[in-house]
Amino acid sequence: MESLKSLDAVFKPKSVALIGASTAPGKLGYDILFNLIHGGFEGPLYPINPKADEILGLKAYKDIGSTPAPADLAVVVIPARLVPGTIEACGKAGVKAAVVVTGGFAEAGPDGEALQAALAEAAKRYGIRVIGPNCQGVNRPHHSLCASWPLLTSRGGMAFIAQSGTVGAALMDWASEDQLGVSVFVSLGNRADVDESDCIRYFNEDPDTNVIALYVEGVKRPAAFLESLAGARKPVVILKAGRTARGKVAAESHTKSMAGSDEIYNAIFRKYGVHRADNLEELYDFAKILSYMKKPAGKRLLHISSSGGAAILAIDEAEKWGIPSPPPSQALKDRLREFLPPHCGVSNPIDLTGDAITDPGLYARVIETSRGEYDTMAVIFGDPIHGASRMVTNSELVIFCGGADVEREERILMHRKGIPVFPNPERAVRAFSRFFAFEDGKARTAETARPHAAVPLRLMPAGDAADLMRKYGLPALEAPLAASAEEAVALFRKMGGPAVMKIASPDVPHKSDAGGVRLHLAKEGEVRKAYGKILSSVRKKLPGAKIEGVTLSPMAKPGTEVILGVITDVQYGPCLMFGLGGIFTEVYRDVQFSLLPADEREFLRMIESIRGYPLLAGIRGQGAKDVPALVAAMKGLARVVRDHRGIDQIDLNPVMVYEKGLAVVDCRIYTRQ
């Protein structure tokens, strides 16, 4: 808590010094001072400029040590090479925090990295909390602090925290234009000190903040990040950039931190109840609705509209998100018929038609009459409806589209009352769905991340891998090694019945691609012939591969093929993978991930979340498959990686799932050398 308290000097300073204040309009040193003044900051402001006596009507000081009293916060806009020494001077002068706007640090190459390290070392030595460097500053309207640009002063409940200054400023600009405002805008920049985890923890305790929205490219401290998410009582919305291969490279270059695997972040956000936005518009919409709309008791949605088309779009979107739009009871229909014109529809939607333009009061009467039968009413003003802002509260889902100047006027009036308004049905319903995204709750305890350095991997021999799986309760088929055709035949005699032969080589993980698998071997001659063909094929396709021989296993009976595995993320440690399996795993990509350790509820959610789940639940006369056996296998895998920290990856594919039990047909385990 003490480290959180130290951030008060950043977000609630009593005095501010601007190091690099300028007399020239258009320069950041001038514009930020202008914004501090005109943003209404109530404490002392100290422009620091050795060549000026006065700037914007304020007395200027030669250096940070010359101010009448130590400033709580120093905003730094001087050349990068001067910043480490300036932070040192701030420490000696008693400054508690700094916002370093200046760029040219870690994002600029080795010399910049050295400057940033010197900055961070000086700040740590004096206990100075630092935002930046290479950032767009901080805007805290509730404290009348605009140490940023542009000058925006609207106060609200949304905290916007961004690793990109421009992205964060755009979100704040939207909120200001909508007159909803924000509780804070923080541009994190290079995060030499304060990072996303600090901000989540701080604004989780901030009384002015209702929702915490972040634009994130990479995470600086994985363990602290998970801890901050686990402790968040307020909704957290994150737009995680760097999802594609090219975007990941750009994000890592931009922030000098790991962008991370997108699948891993999906698993983390699901585990800790984070609302994931796919784009800036969703980040804003999700934050807006979670901050301002009253949470409904349930999902049942009644659509009230003057536009039948807009209502249909809303119903389609609601259906997509599993939000029911049931018809009204006969009693409600009868009450509505008492005052609605005969041509107005009274199913769901309630279609007020163009009559709502000449008689806007129809909206208010329908809303009042329908209260109690539905959890929420989606009120769609599809025309210029005068007085719309007087008819709704923050308990309704409000959409205003097609209303021209009247729409713009009424939307602002609603926003001033704290009622969020959306410009089309799809955006509104998509945002509304966030209320039900985590109906089964979220994990409340942060697991300790197990990051590791990237190192060379070794493929464990197939027989050893199968033995390890069986030790932990996973029924893997035996895979003894045969170093010659005769040894393979001898193994076949002991085994009896149809067999499968696979190449044994640490250099051939994908055996089928190299021609290294033969199925349904029923005779000794077939075994001997298969041995020769496998070795010939592998040597031809992978001439440099080290070949140890082949393994022989009994043929598993057909079942539903799934894949189970573990991947170890560089930042977050082991994650369980589950999905449809077999040779088309990479084609269908129907997989789910869960950060380990995890509980049975999370394992079940993974199983039920794949698109192919109906194959396990039982369709077209087929019996349901043994889901408890799958859960038990997942628990076993979790124990394996808990007990064997050297394991980097496990790939069990396919796993045959039956109505009773399962069989692990193929095991690949990679260990860190």
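The values are calculated or read from the model by the stated rules, or taken from the named source; none is laboratory data. Note that the coordinates shown come from a computational prediction; the quantities given were computed from them, not determined experimentally. Counting neighbours? That spans all protein chains shown, and the Cβs are built from the backbone with ideal geometry, glycine included. Protein only, heavy atoms only, side chains kept; ligands, DNA and RNA dropped before computing areas. Shrake-Rupley method; radii C 1.70, N 1.55, O 1.52, S 1.80 Å.
Can you name every one of the strands (runs of 3 or more DSSP E) wholly within the range 568-673 that holds 2 or more residues which are among the charged types (D, E, K, R) and touching a residue at least 60 places away in the same chain (Cβ under 8 Å)? Before you say what the answer is, go through the steps one by one.
Numbers: elements: 573-580, 591-595, 647-657, 662-664, 667-672.
Of the strands (runs of 3 or more DSSP E) lying wholly inside the range 568-673, those with at least 2 residues that are among the charged types (D, E, K, R) and touching a residue at least 60 places away in the same chain (Cβ under 8 Å) span 647-657, 667-672.
Going by the structure shown, is Lys27 closer than 23 Å to Gly91 by Cα and open to solvent by 20 Å² or more (accessible area, probe 1.4 Å)?
On the way: closer than 23 Å to Gly91 by Cα: no; open to solvent by 20 Å² or more (accessible area, probe 1.4 Å): yes.
No, not satisfied.
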Point to revise | Cβ-Cβ under 6 Å pairs, at least 6 apart or on other chains, the range 284-299 side touching a residue at least 24 places away in the same chain (Cβ under 8 Å) and small (Gly, Ala, Ser), far side open to solvent by 40 Å² or more (accessible area, probe 1.4 Å) and in a loop (DSSP other than H, G, I, E, B) | key: Ser291/Asn210; Ala297/Asp375; Gly298/Asp375
Check your understanding: Only one of Arg605, Arg672 is at pLDDT below 95, surrounded by fewer than 19 Cβ atoms within 10 Å (Cβ to Cβ) and within 24 Å of Lys271 (Cα to Cα); which?
Key -> Arg605
Practice item. Could you look through the range 485-504, keep only residues that are out of contact with any Leu (no Cβ under 8 Å at 6 or more places or on another chain) and in a loop (DSSP other than H, G, I, E, B), and pick out the one that is farthest from Lys557 (Cα to Cα)? Key: Gly496
Check your understanding: Of these, Gly181, Gly94, which one is surrounded by fewer than 22 Cβ atoms within 10 Å (Cβ to Cβ) and either closer than 26 Å to Tyr292 by Cβ or free of Cβ contacts under 8 Å to residues at least 24 places away in the same chain (or both)?
Key -> Gly181
Point to revise | Members of the range 184-205 found to be surrounded by 24 or more Cβ atoms within 10 Å (Cβ to Cβ), in a helix (DSSP H, G or I) and of a type in the set (Ser, Thr, Tyr), listed by number | key: Tyr202
Point to revise | Any pair with Cβ under 6 angstrom, 6 or more apart, that starts in the range 305-329 at a residue that is closer than 18 Å to Val398 by Cβ and open to solvent by 30 Å² or more (accessible area, probe 1.4 Å) and ends at one that is of a type in the set (Ser, Thr, Tyr) and modelled with pLDDT of 95 or more | key: Ile315/Ser325; Trp321/Ser433
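Looking at the range 35-54, which of its residues are touching a residue at least 40 places away in the same chain (Cβ under 8 Å) and either more than 40 Å from the chain's Cα centre (by Cα) or surrounded by fewer than 17 Cβ atoms within 10 Å (Cβ to Cβ) (or both)? Don't jump to the end; show me each part of the working.
Residues of the range 35-54 touching a residue at least 40 places away in the same chain (Cβ under 8 Å): 35-36, 38-42.
Passing the criteria: His38, Gly40, Glu42.
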Review point. Out of all the residues in the range 397-404, is one or more open to solvent by 40 Å² or more (accessible area, probe 1.4 Å) and either under 24 Å from Tyr292 (Cβ atoms) or aliphatic (A, V, I, L, M) (or both)?
Key: yes
